[in-house]
Every structure is written in C-alpha cells, then in structure tokens.
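Shown next, in structure tokens, is the structure this report addresses.
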Amino acid sequence: MITGKRKKLLNVNSLRVHYPVTGGIFFPKETGRVRAVDGISFDIAPGETFSLVGESGSGKSTVAKSIVGLLGNMYGDVEFDGTNISTCSSNELMNIRRQIGFVFQDPYGSLNPRMRVGDIIGEPLKVHKLYGEDEDFRKKINDLLNIVGLNPNFAERFPHEFSGGQRQRISIARAIATNPDLVILDEPVSALDVSIQAQVLNLLIDLQDKFNVAYLFISHDLSVVRHISDRVGVMYMGKIIELGKTDEIFFNPYHPYTKALLSAIPEPDPDVELKRERIILSGELPGYLNPPSGCHFHPRCPISTPDCSNLRPEIKNIHKSNHFVACIKVEGY
C-alpha cells in the first residue's frame, strides 16, 4: 500500500482490470491483454475528497466502476468499510452499494427520460427498501430536491424539461438519497457551462460539510480538482504516477507528466502567463495493447534517459513526506 496509517473508508490495493483480446475466426484464442488499470493503490478517509486526474483513456472511469462491482476481469482488493468487494456475498455487495452513491458525467443520458424526477430520485430508496408509507416517500423526495436547490414541485416533471445543471442536481439528489458514506463523481461538471460548474461544485462542498460524505472525484480538469480536493492521484496508462495532498501536487509536483498537466492550466494574469514555462508533450497516449517498455511515459517525457525504457518505476514515498511518485529521475526516489 502507498498510504499512511489513518482511518480508511475505502481501501484500494493493487487494483487491476485487464481485458483479454482474442484473434482467429474458427479457433479464437487470446492474443493479448488491455491493461486498463494496472496495479493502483489508494485510500479515502471518511469525509475526504480524493481526486483522480489524467488524460482521457488513462483508466479513471474504469477505477470508479470497479469500486461498485460493475466490471469483471478485476483483480486485487477493494475494501469498503472493512468488507472486500471482490469476495463478498451478493447481500453484502447490495449493502455496500447502498452506502455508495454515483453521479455520472452526462446529465442528459444518465436520467431515464420516461420517468418523472421524483421516481428517479426515489428509485434507490425502493431498491434498498428504505421507504415507508407513500406520504413519507414523497416527503423524502421533496426534502432531497430542497437540499440540492430545486423546487419540490419539480418532482412531477420529466428530465427533458430541465437544463444540464438542473439535471445534474437531480443526479446528485439521487446519489445521496440513501445517505451514503461515499459518492463517486465521474466527471460531474465537464458537460456544464463554467458558471454552472461553479454552482454544482459549491453544492457538492456544502453537502460534504452537512453530511460528512466522502467523494471520489474523477476529472481531467485540474482547476476543478484543485477547488474541491483534499488529495490528488495523477493517472497515466492505468497507473497512478503521483499522489499527494492537493497543495503539494499543485505547488510542488515531482513527476514530469504532472508538471506538463499543470503547465496547461490557463493563467488569468497575462503577465504571469507570459513568464510561465509551458511544457509541451510530444506524441499521443500510447496504445494499451503494446505499451512502451519500462516507464510507459518515457517516449513523451522531456527528461527521459535510456534507463527509463528499461526500468519500470514503482510508486514510492519521496522524502517520507506522504508524497508518492513513480519516476527514477526524481531526487529522493
């Protein structure tokens, strides 16, 4: 594990998700494996926000789906509140899913267009049998709509009658309906206008203060991550290559990939923007079927050496500071 001694709500240890690739017409056989997630470890404490960032295709969403048991071909250990998701019974898994909410990226595609808003929000209550009389059920729906800043009268409307920001508030209300301990937020604001993004992020922060819920926040937008996170893990080709407290990642990054990501964040001050060093990465994200040898980042890395193509770096605690990096060129590695 790469985390220190602290109370853990979620504990992910050496998680791998590998998809077999088969070839042949008459006698198909496995010809390779796509290592979508390749041995990552992290934990989340109660009430904490932990963010995973990286380019599209780096494995962030695969991690999120694995945590709630939605994917096969999963190896390693995922423990939620002391229960191992990969080996637990179906009843235990159902109980865990009650304690984990999920908000998807697309506020248009994640809501059933044929269901009324009240039924969408109340569906988790029915699935987990957490509602009593119909009057109590409707009161709970109205309370949830109030909590996310929507009019309770919206319960009788359909999703197409709402804007993207309102739909994402409906998704958040559904996610917190069962009073979960953890909410997984998979790119929850990337499809929204910037002004609406800020409103939704502030809502999430308010809900966390009110209910002490933990967040796994997945995003490619570092400016959003900085606003909401306590700790950040940077992913590249299925691996976490840097992990630490948010301020450490943003103000004292070690890995060259993290530095390149941070250099791409727009700076509102034009004088600072002119003086800032911009790191341009060459090439594109390599294919998962034939990843580069050694460090997967070395073909694009501005400081790589021949050793980088031979040695596969493990993530290590730099200077015992709880700042973890996977790069042989980092001082103190």
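Each value in this text was obtained by applying a stated rule to the coordinates, not by laboratory testing. The model shown is predicted, which means the values in this text are computed figures rather than measured ones. Heads up, the Cβs are rebuilt from the backbone with ideal geometry, glycines too, and the neighbour counts pull from every protein chain shown.
How large is the charge dipole for region 85-134, taken about the Cα centre, if only the Cβ atoms of Lys, Arg (+1) and Asp, Glu (-1) carry charge, to the nearest 20 debye?
Details: 6 positive and 6 negative charges, 14 e Å.
Once rounded to the nearest 20, the dipole reads 60 debye.
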Item checked: In order through region 307-318: 3J(HN,Hα) via Karplus (6.51 cos²θ - 1.76 cosθ + 1.60), integer Hz, x for Gly, Pro -> 4, 5, 7, 10, 9, 9, x, 8, 6, 9, 7, 7
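Taking loop as defined by DSSP and a crowding limit of 11 other beta carbons within 10 Å, which trypsin sites (Lys or Arg not before Pro) in region 118-152 fit? Could the numbers behind the result be given before it?
Details: sites: K126, K129, R138, K139, K140; in loops: K129.
Those satisfying the criteria are K129.
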Note to self: Quick one: 3J(HN,Hα) in Hz for region 57-66, Karplus 6.51/-1.76/1.60 with θ = phi - 60°, rounded, Gly and Pro as x.
What the structure shows: x, 7, x, 4, 5, 5, 4, 4, 5, 5
Check: Two-decimal Rg/Rh of region 83-126 from alpha-carbon positions, Kirkwood Rh?
Finding: 1.08
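How charged is the neighbourhood of Q208? Take every other residue with its Cβ under 11 Å from the Cβ of Q208, and add Lys/Arg as +1 and Asp/Glu as -1. Write down the numbers at each step before the final one.
Details: positive: K210; negative: E48, D206, D209, D230.
Computed value for this residue: -3.
Can you sort F158, F50, F251 by how many other beta carbons sit within 10 Å, fewest first?
Details: F158 15, F50 23, F251 9.
Exposure proxy ranking, most exposed first: F251, F158, F50.
Any chance you could run the full-extension gain for D247 through N146? It's 0.36 nm times the residue separation minus the Cα-Cα distance, nm to one decimal.
Numbers: separation 101, 0.36 × 101 = 36.36 nm, distance 3.35 nm.
Going from the current span to full extension adds 33.0 nm.
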Next item on the list: Determine by what factor the alpha-carbon radius of gyration of region 38-134 differs from 2.2 N^0.38 Å, reporting the quotient.
Entry: 1.25
Next item on the list: For every other residue with a beta carbon closer than 14 angstrom to the beta carbon of G72, add +1 if it is Lys or Arg and -1 if Asp or Glu, then tell me the sum.
Entry: +3
Notebook entry, point to check: Relative to the present Cα-Cα distance, how much length would full extension add between N202 and T305 at 0.36 nm per residue of separation?
Noted result: 32.7 nm
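Volume per residue, Å³, of the convex hull around the alpha-carbon atoms of the chain?
169 Å³
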Next item on the list: Starting from the Cα gyration tensor of region 143-219, take the square roots of the eigenvalues, sort them a ≥ b ≥ c, and report rounded, prolate or oblate (rounded when a/c is under 1.5, otherwise prolate if a/b is larger than b/c, else oblate).
Entry: oblate
Note to self: Taking amide H atoms as placed 1.01 Å from N in the peptide plane, list the residues 5 or more away in sequence, or in a different chain, whose amide H sits under 5 Å from that of G39.
What the structure shows: L15, R16, V17
Next item on the list: Provide the per-residue ³J(HN,Hα) series for region 230-243, in order, calculated from phi with Karplus coefficients 6.51, -1.76, 1.60 and θ = phi - 60°, each as a whole number of Hz, with x at glycine and proline positions.
Entry: 8, 9, 9, x, 9, 9, 8, 6, x, 10, 8, 9, 7, 8
Checklist line | Anisotropy class of region 190-249 from Cα gyration tensor, a/c 1.5 cut | finding: oblate
Next item on the list: Starting from the amide H of G233, placed 1.01 Å from N in the peptide plane, find each other amide H under 5 Å away whose residue is 5 or more places distant or on another chain.
Entry: S51, L52, V53
Notebook entry, point to check: In what sequence do C295, C88, C308 fall when counting other Cβ within 10 Å, fewest first?
Noted result: C88, C308, C295
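Using Cβ counts within 10 Å as a stand-in for footprinting exposure, how do T83, T258 rank, fewest first?
Values: T83 15, T258 24.
Fewest-to-most Cβ neighbours within 10 Å comes out as T83, T258.
What is the antiparallel percent of DSSP beta bridges lying wholly in the chain, to the nearest 5?
Details: 30 of 48 bridges.
In the chain, DSSP labels about 60 percent of beta bridges as antiparallel.
Roughly speaking, what is the stretch gain from S195 to D77, that is 0.36 nm per residue apart minus the C-alpha to C-alpha distance, in nm to one decimal?
Numbers: separation 118, 0.36 × 118 = 42.48 nm, distance 3.89 nm.
That works out to 38.6 nm of additional length.
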Next item on the list: Compare E242, E92, E135 in a GNM of the chain, Cα atoms joined below 10 Å, and give the one with the largest fluctuation.
Entry: E135
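Where nothing but the Cβ of Lys and Arg (+1) and of Asp and Glu (-1) is charged, how large is the charge dipole of the chain around its Cα centre, in debye to the nearest 20? Don't skip to the answer; put the middle values down first.
Details: 37 positive and 39 negative charges, 145 e Å.
Dipole magnitude for the chain comes out near 700 debye.
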Checklist line | Base-10 log of normalised Debye intensity for region 23-90 (one unit scatterer per alpha-carbon) at q = 0.14, 0.23, 0.25 Å⁻¹ | finding: -0.57, -1.15, -1.27
